[in-house]
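So the structure is just underneath, and the comments pick up after that.
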Amino acid sequence: MIHVFVGPTLPASEPVLAAPGLRVLPPARHGDLFDTAIGGGDTLLLIDGVYHQAPALRHKEILAVMGRGVRVIGAASIGALRAAELAPYGMLGVGSIYSAYASGEIDGDDEVAVGQAPDGEFGALTWPLVNLRHVLQLAVPAGVINAERAARLLAVLRAVYYPQRTWAAVRAVCRGQGETEFVEWLTEQRKRDRYFGDLKRADAIAAVRAALDGAAATYDSPTSPSWWETAYFLRWSNAAVKKRVNGLELSTEDRLVYQQVFDPAFRERWTAYLEHISRHPADGGPGLPLAERLAQVTGGGDLPAHRVFHPRPDLRDEQIVALLLAGETTEDRRAVARYADALTGARRSRPGFSTAAVRDEVARDLLLQVWRCLEGEFDAEASARGLVRAASAIEAAKRLVPGFLEETERTEVARDGR
């Protein structure tokens, strides 16, 4: 299977994208490569991505998918940029834009950036600098403009912020620089061929054909997870883990946080998890009973293990997930789904809303109410539940606040209606 992330550079109707064996996806964003449908032996073709309206695809996400045995090709847009950056690790680049990045001829992200339509069609609304550079290079031998004026005009066009570099803006800037002949020439060329000078499109089509022809068949997978298995990567991968349970598509991280907050017995589950990883370290080191490891670290002190060890669970590990969610009930899973829906509803009804917008004191009151602990016990209770400290527990619980408030309101309405 060939997975193609594409948007403004090629429309979904492009004939080459209809070839058998292609799975055409929207522009890539942070988290997309954790998709379990992308498996070893597949090819991933990265053309377009988002970065202004959503977090961009990280380099370590690409390294990790290559580490799973996926061949990765980049071209035309962010794909060309990432391929030039990750070529030493096995990512293959295709096309003249990739070559320009790899050689150092161009180096800015703005070279390929375009404004995208907000309606889900992912159409390009502006001109990328690489295409403007290309049409100026074509205009010089055509006698429309000389090299010195072309370089000066390109510098002026570069100064236009990329989301504002529309065709109308390009014409206005060129006329403002006295380059009316160039504007008229380019307008005429575009009438004859609407794709005239579209270097990104040409590279993208070449890359799709290269993927279909098996151009990356000799790819060697990276062998060292240490290249990408950082604390940040673990946080990203945990956020991406989902599983269908009882007909519900649930975030495993949401399920864990729900148990950490609401399961009265979760303290014991966290201790069991610490015991497990002490006896079975992820790095392959010697296993030890938790008490023995704790004594080695504290010198025989009386600190509990949860105040000394603060590992972040790897939610890709099914054994660890089963251990941490051992107390989860069917009703718990339904509650997780309701809370996720409430959070989604809050985001839809309040533009710009995020969990960061939830006030700390609201999340704190939720936890103190559920845990029935005093303010002075807050840190210890959070630590015993694997949330490290009160501040971290408050941040984790913010995702539950909209759902908790909705349920509280429903309960109060039902009580008052009796």
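Bear in mind that the values in this text are calculations on the coordinates, not laboratory data. Owing to the predicted nature of the structure, the values given are computational and were not obtained by experimental measurement. Virtual Cβ from ideal backbone geometry, glycine too; neighbours counted across all protein chains shown.
Quick notes on this structure:
- For region 167-216, the set of trypsin sites (Lys or Arg not before Pro) satisfying both a DSSP loop assignment and a count of at most 11 other C-beta atoms within 10 Å is given as ARG194.
- Those residues of region 251-289 whose amide nitrogen sits under 18 Å from the label point placed on GLU407, 7 Å along Cα→Cβ: 251-267
- Projecting label points 7 angstrom from Cα along Cα→Cβ for ARG347 and GLU184 puts them 5.2 nm apart.
- Dipole magnitude of the chain, debye to nearest 20 (Cβ charges: Lys/Arg +1, Asp/Glu -1, about Cα centre): 640 debye
- Amide hydrogen proximity for LEU45: with H placed 1.01 Å from N in the peptide plane, the residues at 5 or more positions away or on another chain lying under 5 Å are HIS3, VAL4, PHE5, ILE73.
- Between region 364-398 and region 123-184, the alpha-carbon center distance in angstrom: 58 Å
- Loop-resident sites, region 62-171, for chymotrypsin sites (Phe, Trp or Tyr not before Pro), counting at most 13 other Cβ within 10 Å (DSSP): TYR161
- When exposed loop sites are taken as GluC sites (Glu not before Pro) in a DSSP loop with at most 15 other Cβ atoms within 10 Å, the longest stretch of the chain clear of them is 122-418.
- Likely footprinting exposure, HIS3, HIS310, fewest C-beta neighbours within 10 Å first: HIS310, HIS3
- Using alpha-carbon coordinates, inclination of helix 147-158 to the longest axis of the chain, degrees: 30 degrees
- Since only ALA168, ALA151, THR180 are under comparison, the one whose Cα sits farthest along the positive direction of the charge dipole of region 129-198, derived from C-beta charges on Lys, Arg, Asp and Glu, is ALA168.
- Between 0 and 90 degrees, the angle of helix 401-416 with respect to the longest Cα principal axis of the chain falls at about 50 degrees.
- Relative compactness, region 219-299, computed as alpha-carbon Rg over 2.2 N^0.38 Å: 1.43
- This model, with +1 at the C-beta of Lys and Arg and -1 at the C-beta of Asp and Glu, gives region 129-198 a dipole about its Cα centre of some 200 debye.
- For region 129-198: rounded, prolate or oblate by the Cα gyration tensor [a/c cutoff 1.5]: rounded
- Computed E for ASP302/ARG152 - FRET, C-beta separation, R0 60 angstrom, nearest 0.05: 0.20
- Per the Debye calculation on the chain with a single equal scatterer at every Cα and no solvent contribution, log₁₀ I(q)/I(0) for q = 0.11 Å⁻¹ amounts to -0.95.
- Dipole size of region 241-412 about its Cα centre, with +1 on Lys/Arg Cβ and -1 on Asp/Glu Cβ: approximately 520 debye, rounded to the nearest 20.
- Likely footprinting exposure, THR126, THR344, fewest C-beta neighbours within 10 Å first: THR344, THR126
- Helix 199-212 vs. the chain, principal-axis angle (Cα, 0 to 90°, nearest 10): 60 degrees
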